[in-house]
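Quick notes on the structure that follows.
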Amino acid sequence: MRLPPRSAHFRHRVRCGGYVERRLRRAKYTELADSVAAATNDVLVYGRGLEDHETAVQCALADRDGADDDLDDTAQDARAALAGRGADAVKKAPYKLIFPQGIGYYTAATLTEETKRYGELKDRLEEHLPGADEVRVKAVPAIEAGIVAFTAGSEQLGKARTNEALARTRLDAAEEAWERLLTKVYGLLIADLGRAAAERFFPKYKVRKDEDDDPTG
């Protein structure tokens, strides 16, 4: 008897459990079949739950990174517009006052410094450009919206990753219980029928290089 390794996608265990359950029912081992069905269903439910949380993580990550890109684009557009106001615009005010450390100071900010740096850019735009300046008029609202979106995306990502970790723990526990149960079932069948007959209740499982893949995909 060979069960899927712990590294295998949870659906390998679901398929194996379904096979074992059916063989047990055909052989009139009803109580054992019910136990295997329950344990397999736990793996399926918690596995699907983990997949849902993994999707939520990717959505939150996309939202945060999209907001980051929007802020970077706004900074780049403002820089290009100010730099294009004269042959030596990058060497004097207001360009030098708004980008004293270059565009990378904003666009290459770490995630923890993101909102602080772009808040600083907003302040510099407001301080060194007239209220009606087209760069200020366009960039300041975009930065304000981008900071809000980035902050919200970061918070959602943190929550999503926490939920994912909890879901993974639940699945790990369910898979461990499933494996322990099927090992006990195998032992009971050996005691009743002998090893050769007991083997027939389990699918012939071959270890592959792609064990982590979803077998249904």
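For the reader, a short list of remarks on this structure follows.
- Of all the criteria given as (1) open to solvent by 30 Å² or more (accessible area, probe 1.4 Å); (2) part of a loop (DSSP other than H, G, I, E, B), the one not satisfied by GLY102 is (1).
- Within segment 58-80, residues that are farther than 15 Å from LEU121 by Cβ have Cβ atoms under 6 Å from residues that are part of a helix (DSSP H, G or I) and open to solvent by 30 Å² or more (accessible area, probe 1.4 Å) in these pairs: ALA60/GLN156; ARG64/SER154, counting only partners at least 6 apart in sequence or on another chain.
- Criterion: at pLDDT 95 or above and open to solvent by 60 Å² or more (accessible area, probe 1.4 Å) - qualifying residue of ASP77, ASP68, ASP72: ASP77
- Per-region count, segment 10-32, residues within 32 Å of the chain's Cα centre (by Cα) and open to solvent by 40 Å² or more (accessible area, probe 1.4 Å): 3
- Matching residues, segment 42-55, being closer than 13 Å to ARG170 by Cα and either open to solvent by 70 Å² or more (accessible area, probe 1.4 Å) or touching a residue at least 60 places away in the same chain (Cβ under 8 Å) (or both): ASP42, VAL43, VAL45, TYR46, GLY47, ARG48, GLY49, LEU50, HIS53
- None of THR115, THR107 is open to solvent by less than 50 Å² (accessible area, probe 1.4 Å) and polar (S, T, N, Q) except THR107.
- Put simply, of SER35, SER7 the only residue that is modelled with pLDDT under 95 and open to solvent by 10 Å² or more (accessible area, probe 1.4 Å) is SER7.
- Residues that are within 18 Å of ALA197 (Cβ to Cβ), part of a helix (DSSP H, G or I) and of a type in the set (A, V, I, L, M) within segment 2-45 comprise VAL20, LEU24, LEU32, ALA33, VAL36, listed in sequence order.
- Number of residues in segment 174-201 that are touching a residue at least 60 places away in the same chain (Cβ under 8 Å), part of a helix (DSSP H, G or I) and under 19 Å from HIS12 (Cα atoms) equals 11.
- In the condition set (1) open to solvent by less than 40 Å² (accessible area, probe 1.4 Å); (2) touching a residue at least 24 places away in the same chain (Cβ under 8 Å), VAL140 is compliant with all but (2).
- Of all residues in segment 156-184 being surrounded by fewer than 17 Cβ atoms within 10 Å (Cβ to Cβ) and small (Gly, Ala, Ser), the one that is farthest from the chain's Cα centre (by Cα): ALA177
- Tally of residues being part of a helix (DSSP H, G or I) and either among the β-branched types (Val, Ile, Thr) or over 22 Å from GLU51 (Cβ atoms) (or both) across segment 110-169: 38
- Within segment 81-99, considering residues that are of a type in the set (A, V, I, L, M, F, W, C) and either in contact (Cβ under 8 Å) with a residue 12 or more places away in the chain or in contact with a Ser or Thr (Cβ under 9 Å, 6 or more places away or on another chain) (or both), the one surrounded by the fewest Cβ atoms within 10 Å (Cβ to Cβ): ALA93
- Scan of segment 29-62 for residues that are β-branched (Val, Ile, Thr) and farther than 20 Å from HIS12 by Cβ, ordered by number: THR30, THR55, VAL57
The values are calculated or read from the model by the stated rules, or taken from the named source; none is laboratory data. Just so we're clear, the structure is a prediction, and the values are computed from it rather than from any experiment. Here the Cβ is made from the backbone with ideal geometry for all residues, glycine too, and neighbour counts use every protein chain on show. Surface areas here come from the heavy atoms of the whole protein model, side chains and all, with no ligands, DNA or RNA. Shrake-Rupley method; radii C 1.70, N 1.55, O 1.52, S 1.80 Å.
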